[in-house]
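Below is one structure, written out as C-alpha cells, with a few remarks after it.
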Amino acid sequence: MTSFEPTPDFAAHLDATDPLRDFRPRFHIPPASDGQPSVYLCGNSLGLLPKAARAAVEQEFESWEKLGVEGHFHGTSPWMHYHETLTDSTARLVGAKPIEVVVMNNLTTNLHLLLISFYQPTASRYKVLMEGGAFPSDQYALESQVKLHGLAPDEAIVELVPRPGEHTLRTEDIEAKIRELGDSLAVVLLGGVNYYTGQAFDMEAITRAGHAAGATVGFDLAHAAGNLELHLHDWDVDFACWCTYKYLNSGPGGTSGIYVHERFAHRPDLLRLAGWWGHDPADRFQMKKGFRPMPGAAGWQLSNAQIFPMAIHRAALAIVDEAGGMAALRRKSEKLTAYLEFLIRRLELPPQVLEIITPHQPEARGCQLSMLVHKNGRALFDYLAGAGIIADWREPNVIRLAPVPLYNSFSDVQRAGEVLAEWAGKAK
Ligand SMILES: *Cc1c(COP(=O)(O)O)cnc(C)c1O
C-alpha cells in the first residue's frame, strides 16, 4: 500500500492518476451551502444521481407518450421484456449466473418473498441465526416470518453479538454458533456488510458452515451490492437480495435484486407466493388456473416490471460495467478507504473520544468507515455538515463515512480529513 500524505497536493496527485477519474463528472454532486460541490460521503445511504438517468427515464416517457399500451411491445426497449435487459449486468455484479438473478420490487418485500420459500421450519429445525442489532427492517421481517409459522421470535431467532469489548463479529464465532445450533438451525441470514459497523462478513465461510449444519444460507446485500466483489454462485450461497439506491445509485426507493442459487432453478415444488410475472410466459396471457413458475429467480416475480425505477437502474448498472465492473471499483475503493483511515488515525484521538469500529483489514470491510464518537458525536456530525461534508448519523453515537469509488475523489477524502483535524484541534 502506498504511504499516504495528508496534503491537498498529494490527494490531487492520486486523483490525477486515478483510472476511474472520468466517472465523477458523470454524477450530480449536490452543492454545499456555499454553492461548491459538497464532499458527499453518504453513498451508503443514498447513492448520487447518474447524469445518464434522466435521459433513460425520458426515453420511457417518450414511449408512453407516443405508444401508450403498445410500449409493452414496441419502442426502444419494450416493457414486456424490460427487466430481462438488467439480467446480465446484475449477474456480473453479484457473481451469479443469469438464471440466478432477477430485478423486481423493493428490498424488504423481496426478503419476505425469499423467506417464504427458504424458511420452512419443522418441529426440530426452526431457528434463524442473524446479527444482533441488524437493520430494523430485517429484524421486523424475520420476527413476522417466525410468527407466520406460529413460532415465538424469542425462541426461534438467535442473534450473534460481538465478544465483550469488541465491536464486530469474528468469523470463528459465527461458525461456532452455527455448529452449536446444528440440527435446530433452519436459516442463516446475515448482511453481506453490516450497515452499522461496516464489517464485511466472510460469506463463503459462513455459507460452508451453514450447509455443514444442514441449514439454508441467505444474505441481505443492501450494503454489499455495488460495494464488494461478490461471487454468490461460487460461494454456494442459497439466496440473497439487495436494494439499488445505496451503492448502486439507482434512486430513492429504487428497485431491488434477488439471487437464488441455480440448484433451485427447476424446483416448481418450492413453496412461494406467486404472481403472473413469475409464470411461464408461454401461457401467461391465457389466464389459466395453476401457477407454473419460470425457471430460476425469474419464477419469484409477482408483478409486471416497474419501468421507471428500472430505467434508472439500467443507466446506473451500465456505468458500473463501463468502469470495469466491481473488480475495478474495488481496487480504488480499498485505497480511498485506506486513505480516509490514515487521515483519521493520524489525529491520534484517544479511543474514549473517537474510535473506528470498522475492521482494519480490507477484506473485512467495504468502503464505509464507522466512527464511534463517545462525546459530542452529534456536534461533530453538525460540524462536518457545516463544512460541506455530508456524512450520516446513526443513533446512539456513530458517524458513517463512505467514500465511494465512482464519484468520490481522494481530494474529497483529504478535505474530510482536514475538517476532522480542525474539529480535533478545537476539541483539545
Ligand atoms: C437499507 C436497508 C434496508 C432497506 O429496506 P427497503 O425495503 O429498501 O426500505 C433493509 N435492510 C438493510 C440491511 C438495509 O441496509
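The values are calculated or read from the model by the stated rules, or taken from the named source; none is laboratory data. Model, not experiment: these values are computed from the prediction. Backbone-built Cβ (ideal geometry, glycine too); neighbour counts: all protein chains shown.
Remarks
- Counting only helices (runs of 4 or more DSSP H) that sit wholly inside region 57-157, those with at least 1 residues that are within 16 Å of the ligand (Cβ to nearest atom) and within 21 Å of the chain's Cα centre (by Cα) are 87-94, 107-118, 136-148.
- Taken together, GLU175, GLU180, GLU229 contain a single residue that is within 30 Å of TYR40 (Cβ to Cβ) and more than 15 Å from the ligand (Cβ to nearest atom), which is GLU229.
- Count of region 294-321 residues, restricted to those that are surrounded by 14 or more Cβ atoms within 10 Å (Cβ to Cβ) and part of a loop (DSSP other than H, G, I, E, B), is 8.
- Selection over region 244-266 of residues that are more than 16 Å from the ligand (Cβ to nearest atom) and loosely packed, with under 14 Cβ neighbours inside 10 Å gives a count of 2.
- In region 27-56, residue nearest to TRP393 (Cα to Cα) [restricted to those that are surrounded by 19 or more Cβ atoms within 10 Å (Cβ to Cβ) and touching a helix residue (DSSP H, G or I) at 6+ places or on another chain (Cβ under 8 Å)]: LEU41
- Residue within region 64-83 that is acidic (Asp, Glu) and farther than 30 Å from ARG263 by Cβ present: yes
Every residue, every condition in (1) β-branched (Val, Ile, Thr); (2) in the same structural domain as VAL103 (by TED's automatic domain parsing); (3) modelled with pLDDT of 95 or more, yes or no:
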| position | (1), (2), (3) |
| --- | --- |
| ARG272 | no, yes, yes |
| ASP283 | no, yes, no |
| GLY299 | no, yes, yes |
| PRO351 | no, no, no |
| ILE357 | yes, no, yes |
| HIS374 | no, no, no |
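- Criterion (under 23 Å from THR87 (Cα atoms) and touching a residue at least 12 places away in the same chain (Cβ under 8 Å)) met by exactly one of ASP183, ASP238, ASP202: ASP238
- Output for region 399-428, where each listed residue is assigned to a helix (DSSP H, G or I) and among the aliphatic types (A, V, I, L, M): VAL413, ALA416, VAL419, LEU420, ALA421, ALA424, ALA427
- Those residues of region 139-173 which are touching a Lys or Arg at 6+ places or on another chain (Cβ under 8 Å) and either among the β-branched types (Val, Ile, Thr) or modelled with pLDDT under 95 (or both), in sequence order: ILE157, VAL158
- Taken over region 136-166, the criterion of being closer than 28 Å to LEU372 by Cα, of a type outside the set (D, E, K, R) and in contact with a strand residue (DSSP E or B) (Cβ under 7 Å, 6 or more places away or on another chain) is satisfied by LEU142, ILE157, VAL158, LEU160.
- Residue check for PHE291: part of a loop (DSSP other than H, G, I, E, B), more than 15 Å from the ligand (Cβ to nearest atom) and aromatic (Phe, Trp, Tyr): yes
- Of all residues making up region 350-371, the number that are surrounded by 20 or more Cβ atoms within 10 Å (Cβ to Cβ) and not in a loop (DSSP other than H, G, I, E, B): 6
- Only residues that are surrounded by 23 or more Cβ atoms within 10 Å (Cβ to Cβ) and closer than 19 Å to SER117 by Cα were counted in region 214-243, giving 14.
- Residue under evaluation GLY35, criteria (1) at pLDDT 95 or above; (2) at positive phi; (3) not assigned by TED's automatic domain parsing to the domain that holds PRO252, criterion not met: (1)
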